[in-house]
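Accompanying notes for the structure given below.
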Amino acid sequence: MSFKGEKELKAVPAKYKKDSKVEELFEFKKILREQFRRSRKGLEDAMVRGDVFLFDEIINLFTHPVIAKHLEKLVLVASDESNNQAPVFIRMKS
């Protein structure tokens with residue numbers, strides 16, 4: 001947000017709202033918000049379907065700035081079905 005002295009402003013002042021740089025930032029914010037919603041929906045659908053991800057796929061998803069924010073909040077289940085070990089639950093962020 002913008003600041004006036006030491007006080008944080010709640011909104012962009014009217015005289016700056018039509019500035020091309022400010023409009024560009026608002027458009028970028030809108031795009032990020034839409035991408036955040038779509039990625040959340042996609043991950044929720046994957047969980048409902050019970051999709052399985054390879055370790056390399058998870059690592060790749062963590063490189064995406066929007067999707068990583070969703071993944072940090074999840075508890076992932078890792079299992080090695082080849083030797084019948086119990087699944088391991090991994091909390092990504094406390």
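Read-outs: derived from the displayed coordinates by stated rules, not from any lab. As the structure is a computational prediction, the values presented were derived from the model and not from experiment. Glycine gets a Cβ as well: all are built from the backbone with ideal geometry, and neighbour counts include every protein chain shown.
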Matching residues in the stretch 46-56 (assigned to a helix (DSSP H, G or I) and of a type outside the set (Phe, Trp, Tyr)) number 5
Those residues of the stretch 1-40 which are touching an Asp or Glu at 6+ places or on another chain (Cβ under 9 Å) and part of a helix (DSSP H, G or I) amount to Lys17
The correct count of residues that are over 11 Å from the mean Cα position of the chain (by Cα), assigned to a helix (DSSP H, G or I) and closer than 27 Å to Ile31 by Cα in the stretch 57-83 is 4
Does Arg37 meet the test of being surrounded by 11 or more Cβ atoms within 10 Å (Cβ to Cβ) and without any contact (Cβ under 8 Å) to a residue 12 or more places away in the chain? yes
How many residues of the stretch 20-56 are basic (Lys, Arg) and touching a His at 6+ places or on another chain (Cβ under 9 Å)? The answer is 1
Taking the stated definitions as given, is Leu43 in contact (Cβ under 8 Å) with a residue 24 or more places away in the chain and either of a type outside the set (A, V, I, L, M) or assigned to a helix (DSSP H, G or I) (or both)? yes
So for the stretch 45-64 (the condition being of a type in the set (A, V, I, L, M) and touching a helix residue (DSSP H, G or I) at 6+ places or on another chain (Cβ under 6 Å)), does at least one residue qualify? yes
